[in-house]
Amino acid sequence: MTVLDIGEVAERAGVAPSTLRYYEEIGLIASLRRRGLRRQFDADVLLKLSLIAMGKAAGFSLEEIAGMFGRDGRPDIPRDQLRLKADELQRQMAELRTLRDMLRHIADCPAPSHLECPTFRKLMQAASRRKLVYRPSVRRSGARRAAP
């Protein structure tokens, strides 16, 4: 079994040692032991950190990510949650494409005034009816503190 020092894990995973300590504090990862004041980890922690990073990038909270690991610490990812998140991302992408197109039209509109442009007026009506809404992912309650 390969054992890595917290500094090695931080460097290889591209995260701060404080993030590793926080993840350990909330139970996402576990150190094997300490050597002096430095935590020691099994090299398998790097795979787990990659999965955590992927989950965060997809918009899952740390609490949700923690639930994706079985009691033995191995991934046990509920596919229905992944499908729901993929659907949510698909909706956000469509909304962002619409927003991008709207901004480009407004920037390139040849009308002397935006208020004279029928397309601009339609876009504003759609936005006011909330057909065009960008909602960034919001952290769910229950997190003890923000991850570093």
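Output the residues belonging to segment 61-76 that are in a loop (DSSP other than H, G, I, E, B) and touching a Gly at 6+ places or on another chain (Cβ under 9 Å). Across segment 61-76, the qualifying residues are SER61, MET68, ASP76. Just so you know, in segment 1-57 the residues that are assigned to a loop (DSSP other than H, G, I, E, B) and among the hydroxyl-bearing types (Ser, Thr, Tyr) include one that is farthest from ARG74 (Cα to Cα), and it is THR2.
With respect to the conditions (1) free of Cβ contacts under 8 Å to residues at least 12 places away in the same chain; (2) within 23 Å of GLU8 (Cα to Cα), ARG91 lacks only one, and its number is (2).
The set of residues in segment 102-112 being in contact with a helix residue (DSSP H, G or I) (Cβ under 9 Å, 6 or more places away or on another chain) and free of Cβ contacts under 8 Å to residues at least 24 places away in the same chain consists of HIS105, ILE106, CYS109, ALA111.
Restricting attention to segment 46-74, and to residues there that are loosely packed, with under 12 Cβ neighbours inside 10 Å and either touching a residue at least 24 places away in the same chain (Cβ under 8 Å) or under 11 Å from the mean Cα position of the chain (by Cα) (or both), which single residue is nearest to GLU11 (Cα to Cα)? This residue is MET54. If you check GLY36, GLY70, GLY14 for being in contact with an Asp or Glu (Cβ under 7 Å, 6 or more places away or on another chain) and more than 30 Å from LEU123 (Cα to Cα), only one passes: GLY70. Evaluated against (1) closer than 30 Å to GLU24 by Cβ; (2) aliphatic (A, V, I, L, M); (3) more than 19 Å from the chain's Cα centre (by Cα); (4) modelled with pLDDT under 90, ILE77 falls short on exactly one condition, (3).
The values are calculated or read from the model by the stated rules, or taken from the named source; none is laboratory data. Everything quoted here is computed from the prediction, not taken from an experiment. Every residue, glycine as well, gets a Cβ built from its backbone with ideal geometry; the counts of neighbours run over all protein chains shown.
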